[in-house]
1. Hydrophobic (A, V, I, L, M, F, W, C) and on the phi > 0 side of the Ramachandran plot - does that describe any residue in segment 38-60?
2. Within segment 1-31, take every residue that is of a type in the set (A, V, I, L, M) and touching a residue at least 24 places away in the same chain (Cβ under 8 Å) and give me the one that is nearest to Gly67 (Cα to Cα).
3. If a residue has to be of a type in the set (A, V, I, L, M), in contact with a strand residue (DSSP E or B) (Cβ under 7 Å, 6 or more places away or on another chain) and either surrounded by 16 or more Cβ atoms within 10 Å (Cβ to Cβ) or closer than 17 Å to Val57 by Cβ (or both) to count, how many in segment 13-44 make the cut?
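What follows draws every value from the coordinates through simple rules; no lab data is involved. Treat the numbers as computed from the prediction; the structure is a model and nothing was measured. A quick note on method: Cβ atoms are made from the backbone with ideal geometry, for glycine too, and the neighbour counts reach across all protein chains shown.
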Amino acid sequence: STVRVEGYPDTVVSVKTASDIPKGRIDDCMKALADVTVAAPIHVGDVIVENVADTGVNIVATRSFRG
């Protein structure tokens, strides 16, 4: 998925789960990411959301952005 970058309306950064999540929780995780906006700079591996949708799994950046 992707999250928006604060102050850059046309810019998104790709993200992924740090580990597997239960298949039935994917929709919950996507809904949790819908309104997430992060501030630059962003580095690969930065934790974007901790414990997304109470799964115990973090969402991490897969792309860097300096701004």
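1. Yes, the conditions are met somewhere in segment 38-60.
2. Val5
3. Result for segment 13-44: 8.
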